[in-house]
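Comments concern the structure below.
Every number in this text was worked out from the coordinates using simple rules, so none of it is lab data. Because the structure is predicted, anything quoted here is derived from the model rather than measured. Here Cβ is always computed from backbone atoms with ideal geometry, including for glycine, and neighbour counts include all displayed protein chains.
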Amino acid sequence: MKKTLLALFVGGTANLAFAAVPPLTTQIVASGFEAPVFATAPNGDPRLFVVERGGVIKVLQNGTVLPTPFLDLSASVEASPTSERGLLGLAFDPGFATNRRFYVDYIDKTTLNTVVATYQASASQPNIADPSTAQTVLTVAQPEFGNHKAGWIGFRPGENANLYIGTGDGGSANDPQNRAQNLNDNLGKILRVDVSADHLPADPTRYGYGIPTGNVTGGNPEIYAYGLRNPYRDSFDRETGTFYIADVGQNQREEINIGSAGANYGWRKFEGTDLNFPNDPALANHTPPIFEYDHNGERASVVGGYVYRGAAIDELQGTYFFADFATGKITSFRFTDGGGVTEVIDRTAELTSPTGISGSPNSITSFGEDGFGNIYLVSFDGGKVGMITAIPEPGAWAMMLAGMALISVWARRRGYPAA
Ligand SMILES: [Ca+2]
Ligand SMILES: [Ca+2]
């Protein structure tokens, strides 16, 4: 919390002195995680929960990684390093503060299928999940291939009942069964299910789900959107609810899409706007990406991030960050419905360094967002997690005391606790 407060002070004073976005850096908040692939937190909760691909979730609290994991699923999770399998997703229920419920997405060690399960944190020990509360929400059958397991899960702000689930096409190359276009197959999709209650109350091991209105009709009722290859890291703008789906490409294009019910994002007929299978049938509901980039310069694997809604850097409000796993490049842009994508900025030099988050190839695995809208980078290199912050400007420190009075104003305006 101290670091968060510090960033708040610095960003706040910089705002007084400079109209432009201040120079950014990545402040390491913890390191030594084993193959970390995600970081998140319940809304308004000062802790940060870091997901290790091998099946362990750890708690960062008051600047310290707690010695006892929040949850250890390593006995259930398949995570061989030569595959893309593992514990891949974590989402806290919007009502976590009262119901202690959260959800995980992983590849099961025995079946090699995707499992989405729910747990509750212990009532008496809030930093430990209660394994006896485990219930399966749903499973998605996976083919034998080790790639394209996606695994992101999340809740859209203001839509508290529904869990969104990203699934890849199941792997190999060129989606050999064209699963992403098959509405009777839950691979290559965004699924959306109602998890507002235990739908199988008589079964202590299964939670089940309901079907919200507005999903795709004419196929599996869980399908919200389709035509995706590997939507590994996605997010909702916590202020507007805009849904960013980053779909990992094959040999041509990496893409970012805006999620909407019934949209068909084109794979495998299209890879981005590139026609990949010209002889495949014409697509219904084809929705091209809002942003794509090619594989020149060895870029090869998009890692979707978040729209910045932190309190520290006012000028960064509404800016979306993403990275490329293969190159370690980090980019930001702004997107609006009417104006499309603007202000595309290469952030690599600002946000990577030898002592911070490494920009080396195959290191940046994910972004994360804490309970207050701050954005983090997650890296295999050193197992580091770092928060995107503004660099203190010379002179800003002298204005800090003046800025202190404003901080409580901002905190109230954004609805955060003033502490
Ligand atoms: Ca049940
Ligand atoms: Ca696409």
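Annotations
- Theoretical gain in end-to-end length, Ala141 to Asn62 [0.36 nm per residue, Cα-Cα removed]: 24.5 nm
- For the chain, with +1 on Lys and Arg beta carbons and -1 on Asp and Glu, the positive-most of Phe333, Gly63, Ala173 along the dipole: Gly63
- Structure note, pairs Lys329/Lys384; Lys58/Lys189; Lys149/Lys384; Lys189/Lys269: Cα-Cα distances above 20 angstrom occur for Lys58/Lys189; Lys149/Lys384.
- Segment 119-247 - Debye-derived log10 I(q)/I(0), Cα point model, q = 0.10, 0.19 Å⁻¹: -0.36, -1.13
- Residues listed by number, segment 52-75, amide nitrogen under 17 Å from Asn127 label point at 7 Å toward C-beta: 57-72
- Shape annotation for segment 30-105: C-alpha extents along the principal axes are 38, 24, 17 Å, from largest to smallest.
- FRET efficiency for the pair Asp274 and His199, taken as 1/(1 + (r/R0)^6) with r the Cβ-Cβ distance and R0 = 60 Å, rounds to 0.90.
- Sites Gln177 and Ile391 - FRET efficiency at Förster radius 45 Å, r taken between beta-carbons, to 0.05: 0.35
- Kirkwood-type radius of the chain, with distances r between different C-alpha atoms, in Å: 21.6
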